[in-house]
Structures are given as structure tokens and as C-alpha cells.
Amino acid sequence: MSGMGPGTLITVAPTGAEVDKAKVPALPVTLDELIATAKDCRAAGAAVIHVHIRDDETRPTLDLTRLRDTVAALRSTTDLVVQLSTGGAVSDSEADRLRVLDAAPEMASCTMGTVNFGEDVFVNRWEFIVALHTRMQELGVVPEYEIFDLGHLWSLERLLDRYGLPHGGHVHVDLVMGVPGGMPGTPEALIACASALRHLPEGTTFSATGIGRTTLPVMLASLSAGGHLRVGMEDTLSYAHRQPVESNAQLVRRAAELARLAQRPPLSPDQARELLGISAPAGR
Ligand code: KMH
Ligand code: ZN
């Protein structure tokens, strides 16, 4: 199966755009909190960090100066692969989302279609997807294609056919499962997606994350299907029944333990770069 390999890529998504800091004090929202989280998650087994940032009032922001400062700070304090979110919040404009790439991350997300998102709609028009993909090719940013529903994989096939492979030549997708409005966080849905990867270029890899209580079934299904893992407080706030998540590192530790049990131990950031076709950033 595509993506079967000796190790497991663990991505941590520590913050997101939806969770309210006032309700979840453990959510990292300041730069200091993000750096401390990144270091803890690296020690626990994460190789990639998927980053959304907040403003001084803890609201989601795509402010370019802040994004640049965040990328620089994460680079100088950890060796994690820094993946900026171009998804932002559902209220963000296409122009602001595209401008995220000017912060020069190694990697950025690229959502492959519009999806109902709880009571909201996460809009990703075809023309906007093309703009993100081609801008990343120009800037040398490696995309992670976010897949919220099965059809998004066919949009990706069409994108690659028409506009070519991403920078670095490797295709990596992240299955975001269990969003109300998207595909469910079930083993059946994961297998349907994993099977559909045969339509994508040879060697395409996938990770998966299950929102809320689907985190564990999705994690176990992904490991057994040769996939990689994403965990974090962007996606999951409950560690177990009536047990709130204490920290992002707690979620990464559990993912790393399961990966080791599956005899596919966590990849280091440099091993992740090799897998994803990312050349090491200057100065490393
Ligand atoms: N916050 C969601 C609307 C991404 O980061 O690329 C979109 C999202 C996807 O989180
Ligand atoms: Zn995100």
C-alpha cells in the first residue's frame, strides 16, 4: 500500500482557529506558549507542527508579521518542520489566506474543497485551490493537501494532472475526519480514502486525524493501513471519557506509544523532511 514505511510521521496541531482560550486555558496561544508546546511535542515524538496563530486578544489571526516572527522563532528553538495553516478560520478572506505563504514556511496546508463545517462553511473554491498550489510551487513551499471528504482526493488528482506535482515532487495528504459536514472518523472511511490513493502519484503518503472522540479509531486505523498521524488540541480536547486533554504533548505521547507498538516508531524531523521531499532550511 502507498505510504507503508518503517516509521510514523507525527504532526501536532496544537491550537487551531476554533477553540476558545477562555474555555480551554491549556490551549497554546501566545508565542511563548507555542514555543514551549513545540519543544515538549518534539521531545514526545512530533516531527511536524501545523500552526495557527492568535492575536493579543487570543483571536485567530493571519497577520503576516506575526506569522513571520512565529516561523523564525520555531526555527530557532526547534528542528520541527513548520507547516503554516492556509485554512485559517472560516471567516478569513482568500487574499489573507494566500498571503500566509509569504511568511516562507517549509510547508503549508492546502484544503482540497469546500466543506460544511459545523454550523459554518469552510469555502475552498477551485480557483483558490489552484492559486494556493501554484503559489507554493513558485515559492518552494511543500503542501500538505487537507482532505475533508472522499471527493477531495479526486480534486487533488485533477489538480496534479493540470498543474503538476508540488515543490519537492512528493505528494502528502492529511485526512481530516469527523468534522460535522465532512467524512466520518471511521475505519471504513479511512480505508476508502487509503484505497483511493492509488489514483494519485506513486509513493503518495497520508496522515489522518479524527476530530473529537474519533481520534482513537482514526489513529488505530491509520497505523494499521500504513498511514501517518496528526494529533493535537486543534482537533481533540478530550483525552478519555470525562478527562480533558492536559496538553498537546500528552496527545503526542499517546500517538508515539501507539506508533511504537505498531512497530513504526516516530520519525525525526529530518526523517520527515526526507519522506516529504523537503530540503533542510538554510542554516540547518
Ligand atoms: N480552521 C479550519 C476552518 C487548515 O488549517 O488548513 C480550517 C483548517 C484547515 O484548520
Ligand atoms: Zn488547521
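Before moving on, here are some points about what is shown:
- Inter-label distance for SER195 and ARG125, nm, one decimal - labels placed 7 Å from Cα along Cα-to-Cβ: 3.5
- The DSSP beta bridges internal to the chain are antiparallel in roughly 20% of cases.
- Span from the segment 21-71 Cα centroid across to the segment 143-170 one, whole angstrom: 27
- Extension reserve of the ALA43-LEU31 stretch, reckoned as 0.36 nm per residue once the Cα distance is removed: 2.5 nm
- Test item: Cα-centred dipole of the chain, Lys/Arg +1 and Asp/Glu -1 on Cβ, debye: 640
- Zone residues, segment 215-257, relative to THR186, backbone N less than 18 Å from point 7 Å out along Cα-to-Cβ: 215-222, 225
- Ranking of LEU84, LEU159 by count of other Cβ atoms within 10 Å, fewest first: LEU159, LEU84
- Here the Karplus relation 6.51 cos²θ - 1.76 cosθ + 1.60, evaluated at θ = phi - 60°, turns the backbone of segment 126-136 into coupling constants of 3, 4, 6, 4, 4, 5, 4, 4, 6, 5, 5 Hz, with x for every Gly and Pro.
- Separation of the GLU246 and ALA95 label points, Cα + 7 Å toward Cβ, nm: 4.6
- Cut-off under 5 Å, modelled amide H: who pairs with ILE53 long-range: THR61
- The ranking of THR61, THR209 from fewest to most other beta carbons within 10 Å of each one's beta carbon is THR61, THR209.
- Each of THR111, THR65 has some number of other Cβ atoms within 10 Å of its Cβ, and from fewest to most they run THR65, THR111.
- Net lengthening on full extension, ARG68/ASP102 (0.36 nm per residue, minus Cα-Cα): 11.4 nm
- Gain upon complete extension [LYS23, SER224; 0.36 nm per residue less C-alpha separation]: 68.9 nm
- Note on the chain: helix-only mean residue ellipticity at 222 nm, from DSSP H runs of 4+ residues weighted -39500 (n - 2.57) and normalised by residue number, equals -11000 deg cm²/dmol.
- Based on Cα contacts under 8 Å between residues 6+ apart, the chain shows a relative contact order of 25 percent.
- For segment 98-134 versus segment 230-262, the gap between their alpha-carbon centres in whole angstrom: 26
- The relative contact order of segment 204-271 comes to 25 percent, based on Cα pairs under 8 Å that sit 6 or more residues apart.
Each value in this text was obtained by applying a stated rule to the coordinates, not by laboratory testing. All of these numbers come straight from a predicted model, not from anything done at the bench. Using ideal geometry, Cβ is built from the backbone for each residue, glycine included, and neighbour counts are taken over all protein chains shown.
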